[in-house]
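The values are calculated or read from the model by the stated rules, or taken from the named source; none is laboratory data. Model, not experiment: these values are computed from the prediction. No Cβ is skipped: glycine too gets one built from the backbone with ideal geometry, and neighbour counts run over all protein chains shown.
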Amino acid sequence: MRSVTDTFIKHPVLAVVVNLVIVLVGWRAISTLPVQQYPSIQSSSVLITTVYYGAGAETVRGFLTTPIERAVSAISGVDYVESTSRAGVSSITVHLKLNHNSTAALAEVSARLQQVRSELPAEAEPPVVEVQRADRPYASFYLSFTSSERNIPQLTDWLTRNMQPQLSTLAGVQRVDVVGGRPIAMRIWIDPDRLAALNLAPGDVHAALQRNNYLAAVGQTKGELVQVNLLANTDLRTPEEFKNLVVAERNGAIVRLSDVARVELGAEEADYITKFSDKEAVYLGVWPVPGSNEIEVASRLHAEMARIRTTLPSDVDMQMAYDATVFMTDALHEISKTLVETILIVGLVVFLFMGSIRTALVPLVAMPVSLVGAAIVMWAFGFSLNLLTILAIVLSVGLVVDDAIVVVENVERHVREGKSRIQAALIGARELLGPIIAMTITLAAVYTPIGFQGGLTGSLFLEFAITLAAAVVVSGFVAITLSPVMSSRFVNEKGREGRLSLLVHRGFETVRQRYERLLEGALGMRWAIVAAAVVIMVAAWPLYQFSRKELAPIEDQSHISLFMAASPDASLEATNKASLQVVKAITSFPEAKFMWSITANWGGFGGMVAKNWKERKRTTEQMYGQVYYAVSKVPGLQVFPRLDPPLPSPGQYDVELILASDIPPEQMLQTVGAIVGAGWQSGKFLYVDTDLKIDLPEARVVIDRDQVADLGLDLASVGRELGTLLGGAYVNRFNYYDRSYKVIPQIGDERRTTVGPLLDLKIKTPSGRLVPVSTFTHIESSTAPRTLNRFQQRNAVRIFGGVKPGVTKEEGLRVLERAAAGAAGPGVGLDYAGESRQIRLEGAALTVTLGFAVILIYLVLAAQFRSFRDPLIVLVGSVPLAISGALVFSFLDLTTINIYSQVGLITLVGLIAKNGILIVQFANTLQERGVAKLAALREASLTRLRPVLMTSAATVFGHLPLVFATGPGSAARNSIGTVLVAGMTVGTLFTLFVVPVFYSLIAAEHRPDADEATEKLLEPAMAEEASYA
């Protein structure tokens, strides 16, 4: 019976040329693949920030947050919307669905804001809209600049004029922000007493600045031959010009601005203070374009820094304070090293099991051809070389040699039976064409369901699945084209085997004889084995349920994030002083390289940058608990450390539970307190807290409206006068060396230290009389929430925590969920943010995918075996048993159930099914030749023993580097490697004994086909050999 494999055996040049084309095209494809940490995904959010100077949190929420939130929630592609309203600032974050077009979303948001602009207070600044990565709401790079001579405003101005434009033009850079800087400003420090003495009010100063600092566009003269642009010096530029500004005239004397205020070229009030360890600095935050290759951006940025460093002034020092790509680069390096180790180990295993270098060349050549061939598919689909596609290549190393091993072993078996090498190649390749196609389709089909997996898991593992499937498909093609040709040339003829080859053959013969006896024993106690198999299958469920679960294992990224919360009435200076104690505690760790921080009056954030993992004895996870205890002793600050998430995840904490309701925040205190208390009592958290803090001191200025009316005033004018003195808003801008800066009138800091002196400030009535503010106001003290938060347009309280080392985030989340279920009332709904949202939406999604994969394999095998019963032999006799074996290791806490281990289980299904297919397919073929069912089973099991053991050994030993990997990214490799090695080892044992037992019980009868009976497969292939010759 002729086969497609005959063509390539008869025409070896054709086989070589076809495979060389695959290698050449694949090698070219590899050179063009981009390098990234993860597959390209767009995890974006749109941030809308609106400033309303002087407004309270309730005013901000009612007049800014609510209308904007209502408008932007209706755009397409929204996952969820959350907002924070605090005094003077509204922040709304629109989280987009994964891979939604952020540019389109930005355009929609901008259009919606234009529609509601008329509803917003005129005094509020226009909303600022920007797109940022949802999983990293801060820049990927922070460059620290310090100076021994320049103050912060001068350094800020120098960076804005020189460094920011240079870095903004780098390819792949979206924007460059100045963080912690203080832009230059013309400060007008009003003296209320001198104003009162001259019978002037703050509004007079404000009006004078508006009238006399004016940008005039005069125009131009036009004659028949020439035209001249006309300029007018209506704007003010220097402190002297502002000092000489005429405010009013009193009794024939001119009152200038310098008579009622101190004018200086100063700076805006600081919102943030940035530091490089304990040294105050100004940062430049570099944001890559969403979806760009950040490693390439980092490379260009470091090259630009090296160029710039030679041109820096002598007093300026530049350092890379934070680089998000350090872990990416190290992890890619480590997994590439694992790939090399895997290739070497698989090559050694193949050689030892073959016993001959000539014979081992067949699978060893198939390996690079298959791996390089997979790159063609990666290039065609627009994939990149990233942690997951390289992991797929590492896994495929142990898989792509399987088909070639089966081919060369089968050819070698026929040679030992006395056939010539060409006869053996022709017959052996014919025998295996069906099984190879079935195994290739089966293993490739295992990954098909991942393509239908939505969300983060599907986006991340789609490239992994297709890359692995592509390598398997190419290996199947190589096995039916090149491997038979090489086997016909490289297999030693009978009687010419080497010593090692003979030794290996004798060893396998001994194993075969012992296996034959054990197989007879197993078939003699079939029902006992069936009962044991059923027990092991059923055990998979409790093993899964009692295994610890998480989204992904924690990785050592040489960085620990720190989030700081200050007391509600703390000033920026007080918070900064306390943060220096945090710096001292962090840098005291021998593993710490330095600490970067951005401090605000409400707290701030930063991170400990650890030394390279090779230079320290402890991992960041081992340091994590001690870091928390060290920073928890700092007075004046709550510091929440966090190990950086292993996958692209939004949020700031390990666990984030949202309580959404229409209940006022004050009425949620008891419920929230009970949930937080339950979190502490569980013993699973290093810290657990909430953003519901009703402790912000407020001094409410209560205006007597009747008294205001009696004085001839109106509330608008009162608000403007007080705002001029206290608000810190700018009037207009001035030109300073071709850049515009703000003009800010305000009373001095010494007048704003306490509330009392504010009542002595004077306001002018329409009659021209000055009256103190205390005439129509009084101060009422109260407390209010620090922030007013909403989630999906409902009042929301966030409960967050950091779990202890050794506790998974899913365990911590379950604790808070149970507490919330018992404490929250009927009007309170539970929702999730950050990584907790991904855990609940996607944590078990791959389990469903695993079931889908099993069903798909069943259908593929049913078509291949032409029976609905035979696929059950493979799927029931080995797959669930292998899964149970793998789950024992997660049950024993050697790994967890995470997306990597679940992908490992899916891969395991295909690997174990391949071994079962070898036995079942050959047994069916023997039945079709007229051999009795049990006799066919025995012969198939014994014949396929060696290829099963060899392919399993290649897979197990090839994946051992994953189990013992260390360094960046090793936790994920450990997890998937443990599942595969354990499951494959246990599953192979079950394949050799349980599959034959199930075959003897449920296999269909395969009678000889009348058409095929006329064509004897084993008749001498003399004609073929003659034509080949």
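From Thr338, Thr342, Thr311, Thr325, which residue is among the hydroxyl-bearing types (Ser, Thr, Tyr) and closer than 20 Å to Ser148 by Cα?
Of Thr338, Thr342, Thr311, Thr325, the one residue that is among the hydroxyl-bearing types (Ser, Thr, Tyr) and closer than 20 Å to Ser148 by Cα is Thr311.
When the range 324-363 is examined, which residues are found to be within 30 Å of Pro648 (Cβ to Cβ) and of a type in the set (Lys, Arg)?
Matches in the range 324-363: Lys337 only.
Filter the range 767-821 for residues that are of a type in the set (Lys, Arg) and farther than 30 Å from Asp193 by Cβ; which is surrounded by the fewest Cβ atoms within 10 Å (Cβ to Cβ)?
Only one residue tops the list, namely Arg818.
Kindly indicate which of Gly180, Gly172 is closer than 30 Å to Thr65 by Cβ and either of a type in the set (Gly, Ala, Ser) or at pLDDT 90 or above (or both).
Gly180
Which helices (runs of 4 or more DSSP H) sit wholly inside the range 393-497 and have at least 2 residues that are of a type in the set (Gly, Ala, Ser), out of contact with any strand residue (DSSP E or B) (no Cβ under 9 Å at 6 or more places or on another chain) and within 22 Å of Val16 (Cβ to Cβ)?
Ranges flagged: 421-446, 455-490.
Any chance the range 155-168 includes a residue that's surrounded by 20 or more Cβ atoms within 10 Å (Cβ to Cβ), within 29 Å of the chain's Cα centre (by Cα) and hydroxyl-bearing (Ser, Thr, Tyr)?
No, the range 155-168 contains no residue that is surrounded by 20 or more Cβ atoms within 10 Å (Cβ to Cβ), within 29 Å of the chain's Cα centre (by Cα) and hydroxyl-bearing (Ser, Thr, Tyr).
Filter the range 871-892 for residues that are touching a Ser or Thr at 6+ places or on another chain (Cβ under 8 Å) and modelled with pLDDT under 90; which is surrounded by the fewest Cβ atoms within 10 Å (Cβ to Cβ)?
Result: Gly877.
If you take the residues in the range 209-234 that are in a loop (DSSP other than H, G, I, E, B) and touching a strand residue (DSSP E or B) at 6+ places or on another chain (Cβ under 6 Å), which one is surrounded by the fewest Cβ atoms within 10 Å (Cβ to Cβ)?
Looking at the filtered set, the residue picked out is Val218.
Tell me yes or no: at least one residue of the range 994-1005 is at pLDDT below 80 and either among the basic types (Lys, Arg) or more than 56 Å from the chain's Cα centre (by Cα) (or both).
Within the range 994-1005, none of the residues are at pLDDT below 80 and either among the basic types (Lys, Arg) or more than 56 Å from the chain's Cα centre (by Cα) (or both).
Among the residues of the range 689-696, is any touching a residue at least 60 places away in the same chain (Cβ under 8 Å) and within 26 Å of Ala592 (Cβ to Cβ)?
yes
Would you mention how many residues in the range 761-819 are of a type in the set (Ser, Thr, Tyr) and under 25 Å from Val205 (Cα atoms)?
5
When Gln667 is evaluated against the numbered criteria (1) modelled with pLDDT of 90 or more; (2) more than 23 Å from the chain's Cα centre (by Cα); (3) not aromatic (Phe, Trp, Tyr), which criterion, by number, is the only one it fails?
Here Gln667 clears every test but (1).
How many residues does the range 459-484 hold that are within 21 Å of the chain's Cα centre (by Cα), buried (at least 21 other Cβ atoms within 10 Å of the Cβ) and of a type in the set (Gly, Ala, Ser)?
Matching residues across the range 459-484 total 1.
I'm checking my understanding of the structure. Among residues of the range 597-612 that are within 21 Å of Gln622 (Cα to Cα) and in contact with a strand residue (DSSP E or B) (Cβ under 7 Å, 6 or more places away or on another chain), which one is surrounded by the most Cβ atoms within 10 Å (Cβ to Cβ)?
Checking each candidate, the answer is Met608.
Might you let me know whether the range 10-20 holds any residue that is assigned by TED's automatic domain parsing to the domain that holds Asn386, of a type in the set (Lys, Arg), at pLDDT below 90 and farther than 26 Å from Arg798 by Cβ?
So far as the range 10-20 goes, yes, one or more of its residues are assigned by TED's automatic domain parsing to the domain that holds Asn386, of a type in the set (Lys, Arg), at pLDDT below 90 and farther than 26 Å from Arg798 by Cβ.
Exactly one of these conditions fails for Leu456: (1) closer than 24 Å to Met367 by Cβ; (2) crowded, with 23+ Cβ neighbours inside 10 Å; (3) within 46 Å of the chain's Cα centre (by Cα). Give me its number.
Failed condition: (1).
Take Glu130 and decide whether it is touching a Leu at 6+ places or on another chain (Cβ under 9 Å) and charged (D, E, K, R).
The answer is yes for Glu130.
Residue-by-condition table, conditions (1) surrounded by fewer than 19 Cβ atoms within 10 Å (Cβ to Cβ); (2) in contact (Cβ under 8 Å) with a residue 12 or more places away in the chain; (3) touching a helix residue (DSSP H, G or I) at 6+ places or on another chain (Cβ under 8 Å); (4) under 19 Å from Arg798 (Cβ atoms):
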position	(1), (2), (3), (4)
Gly54	yes, yes, yes, no
Thr65	no, yes, no, yes
Ile92	no, yes, yes, yes
Leu96	no, yes, yes, no
Asn101	yes, yes, no, no
Ser110	yes, yes, no, no
Glu130	yes, yes, no, no
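Find the residue count for the range 181-195, including only residues that are of a type outside the set (Lys, Arg), surrounded by fewer than 18 Cβ atoms within 10 Å (Cβ to Cβ) and assigned to a helix (DSSP H, G or I).
1
So which helices (runs of 4 or more DSSP H) stay within the range 236-318 end to end and still have 1 or more residues that are touching a strand residue (DSSP E or B) at 6+ places or on another chain (Cβ under 7 Å), of a type outside the set (A, V, I, L, M) and more than 24 Å from Arg182 (Cβ to Cβ)?
Hits in the range 236-318: 294-309.
Find the helices (runs of 4 or more DSSP H) located wholly in the range 1-68 whose residues include 2 or more that are under 31 Å from the mean Cα position of the chain (by Cα), and list them.
The helices (runs of 4 or more DSSP H) meeting that bar are 12-32.
Would you confirm whether or not the range 925-932 contains a residue that is touching a Pro at 6+ places or on another chain (Cβ under 9 Å), crowded, with 20+ Cβ neighbours inside 10 Å, farther than 21 Å from Ile857 by Cα and not acidic (Asp, Glu)?
Yes, there is a match, as at least one residue in the range 925-932 is touching a Pro at 6+ places or on another chain (Cβ under 9 Å), crowded, with 20+ Cβ neighbours inside 10 Å, farther than 21 Å from Ile857 by Cα and not acidic (Asp, Glu).
Take the residues in the range 573-596 that are more than 30 Å from Leu332 (Cα to Cα) and in contact with a Ser or Thr (Cβ under 7 Å, 6 or more places away or on another chain); name whichever of them is surrounded by the most Cβ atoms within 10 Å (Cβ to Cβ).
Ser579
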